[in-house]
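Values quoted throughout were computed directly from the atomic coordinates according to the rules given, and no laboratory measurement underlies them. Source: prediction; values computed, not measured. Ideal geometry is used to build each Cβ from the backbone, glycine not excepted, and the neighbour counts take in all protein chains shown.
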Amino acid sequence: MKIEAADVDISKLLKMGIIVIPRFQRPYSWKTENIRDFWNDITSSDEGSYFIGSMVIYSMKQDFFGVVDGQQRLTTITILLCAIRDHLKNLGEQELAQGIHNYIETRDRDNVKSFILKTETSFPYLQDRIQSFEDAELDTQPREEEIRLQQAYDNLNKYVDKYLQQSTSGLLDQEEKKAAKISALKGLREIIFNLKVIKIELDDEDDAYIIFETLNTRGQDLTLSDLIKNSIGSLVEKNGDIDVLKILWQNIVENISNCGDAVKIDNFFVHSWVSRFSAVTKQKAFKAFKSKLRDSIIAAGETSGRSIALSHLKAFDKDSERYFRIYRPDTLFKKYQYILVDSLRAMRIFNVEQQIPYVMSLLRSFDEGKIAYKTLRKAMRSVENFHFQFNAITSQRSSGSIASMYGRAARNLYEAESSDAAGVVIESVKNELRERIPSKEEFALHFRKIQYNKIMRSNSLVKYILLKISDIENILFDVNVDRLTIEHVHAQSNLSETWPDNIINSLGNLILLSEERNKILSNKSFSQKKQIFNNWGNAVPSFIVEKSDWTPEYVISRVNTMADMAYNRVWKI
């Protein structure tokens with residue numbers, strides 16, 4: 001491996017040729033605080049040139065270089081140059097603006113225009129909206145990376161504005177202010193061009209992949225997903241116009257992004273791996289992946305590298321779609337699968353994740369025809385019922401053994417070669433879950449403590465419990481369950497010594513009604529409500545309708561009945 005290092009300034013780096021952000025690199029990810037720190041560092045230095053670290057590049061072809069390390073800084077510098085250029089344009093200084101643009105866009109030997117910094121992942125947004133000298137021509141909607149790019153441009157633009165305001169303070173006329181702004185922009189341009197880097201140049205792309213994996217061992221630059229993409233990318237080369245890595249990786253990223261802001265892509269890769277191959281932590285997942293990839297290629301022969309890497313990529317792609325279904329169950333399931341959707345929704349309410357590798361394996365087995373929908377539905381219901389008792393009600397925490405059990409079952413399910421073998425795995429999970437559920441006494445004790453919280457408008461768990469018990473009691477609602485609201489039989493506003501807050505907000509004093517019916521009842525007394533209840537038939541539990549009066553004792557009795565029903569019928573495994 002040949003490595004050459006030299007200290008250069010940014011102006012020379014931007015004139016050495018076309019600098020390409022390779023497809024194995026992560027998207028632009030700098031946040032507001034990163035931009036702020038970068039700006040403060042380069043504008044507050046008293047030195048003639050400020051050192052901003054190393055940049056590792058490799059030769060691709062004549063005058064083309066790929067970036068291994070330094071992508072975020074280089075992209076930010078390019079965006080800042082665009083902001084300075086645009087300020088000069090707005091001041092009518094076309095020649096000065098063009099002078100800066102020559103470090104943003106150049107011409108090759110055939111006199112064809114080309115942006116000096118080229119990237120595929122943000123195409124065409126970066127090129128059309130930020131790098132271009134002319135106004136944007138495309139109505140491009142920004143994706144996640146483009147939003148970061150636009151935020152970077154907006155923030156840097158504001159910093160340049162503030163920088164110019166400071167340079168024009170005092171009693172200056174319009175011409176003097178303009179001259180001061182131009183001088184300040186030229187000074188800022190020179191600060192950027194004089195920034196110093198250590199340019200580390202490698203011979204070829206193969207060396208770049210090795211450096212990419214080992215360079216940033218100190219921590220935060222390379223994530224698990226970066227390393228996995230890099231390893232697969234080193235084996236799955238672009239085939240003509242079809243870039244399989246780019247297409248499938250984009251699918252994966254979009255699926256995980258659509259799961260919600262709290263869901264991290266590295267967690268997905270860990271869960272996917274645990275569900276198929278081995279129990280790993282996030283810190284050890286890449287080592288396990290790399291070892292599996294290497295051993296498979298050795299066993300099958302060196303020429304099999306591309307196909308094996310591609311098989312892993314496709315498996316991750318399919319699992320990412322399952323992950324999306326787990327976190328967003330309202331989207332891709334069919335209407336007849338509503339029970340499964342309800343179970344997945346419940347997992348989000350309980351806020352548990354230990355079960356995800358097992359659930360992913362269950363969905364995979366169903367997708368591949370290994371298990372029937374009835375089997376999947378029952379398996380999911382057992383997981384739902386366990387976590388309702390274990391987490392949602394008694395708030396117990398797993399020592400890690402539950403996660404280990406789920407991971408082991410997920411892998412056994414993945415390896416099962418028949419529906420019978422899969423059935424054995426699923427039944428074993430049910431048995432293990434039954435052994436771990438809390439006692440009836442412990443469950444009832446905690447169940448009775450569940451309260452409606454008027455500060456938390458959603459009260460998702462309370463509504464979930466009422467819905468499940470309403471189903472057992474054959475309650476018929478007049479609207480879709482998503483439109484149901486929580487009604488207090490004894491009105492919330494009627495607090496007293498007899499009716500304290502903990503009784504009023506107890507599960508025994510709560511029912512579900514449509515918003516329209518809830519408004520009709522308002523703060524009426526129980527005797528007034530009962531007359532209305534009689535006209536609503538099975539929309540109200542018979543336990544309530546049959547009472548001549550509604551007392552705190554009845555509420556307590558109702559909670560005890562609900563607890564017994566919950567443990568022995570509704571959430572029984």
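Structural remarks
- Residue pairs, from the table Lys118/Lys199; Lys264/Lys449; Lys61/Lys181; Lys282/Lys314; Lys264/Lys292, whose Cα atoms sit over 29 Å apart: Lys264/Lys449; Lys61/Lys181
- Mean residue ellipticity at 222 nm, helices only, the chain: -17000 deg cm²/dmol; runs of at least 4 DSSP H residues each add -39,500 (n - 2.57), and the sum is divided by the number of residues.
- Cα gyration tensor, segment 3-208 - rounded (a/c under 1.5), prolate or oblate: prolate
- Considering only Met360, Leu227, Phe277, the residue lying farthest towards the positive end of the dipole of segment 220-440 is Met360, judged by Cα position with unit charges set on Cβ.
- Here is the list for segment 302-410: trypsin sites (Lys or Arg not before Pro) lying in DSSP coil, each with at most 14 other C-beta atoms within 10 angstrom of its C-beta, are Lys334, Arg397.
- As a proxy for reagent exposure, Ser311, Ser361 were ordered by neighbouring Cβ count within 10 angstrom, fewest first; the result is Ser311, Ser361.
- Set of lysines with alpha-carbon distance to Lys177 below 19 Å, sequence-local pairs under 8 removed: Lys89, Lys158, Lys162, Lys186
- Gyration tensor verdict on segment 451-570 (Cα atoms; rounded if a/c is under 1.5, prolate if a/b is larger than b/c, oblate otherwise): rounded
- Tensor-based shape of segment 47-135 (alpha-carbon gyration tensor, a/c under 1.5 rounded, otherwise prolate or oblate): oblate
- By average C-beta atoms within 10 angstrom, highest first, the peptides 550-556, 223-229: 223-229, 550-556
- Quarter of the Cα convex hull surface for segment 367-479, i.e. its orientation-mean projected area (nm²): 9.7
- Think of each Lys and Arg Cβ as +1 and each Asp and Glu Cβ as -1; about the Cα centre, that makes the dipole of the chain roughly 2180 debye.
- For segment 1-103, the list of GluC sites (Glu not before Pro) that fall in a loop by DSSP and count at most 12 other C-beta atoms within 10 angstrom reads Glu47.
- Pairs of C-alpha atoms in segment 220-440 farther apart than 26 Å represent 38 percent of all such pairs.
- Counting only DSSP beta bridges with both residues in the chain, the antiparallel share comes to about 65 percent.
- Relative to the longest principal axis of the Cα atoms of the chain, the long axis of helix 282-300 makes an angle of roughly 80 degrees.
- Set of lysines with alpha-carbon distance to Lys519 below 24 Å, sequence-local pairs under 8 removed: Lys454, Lys463, Lys468, Lys529, Lys530, Lys547
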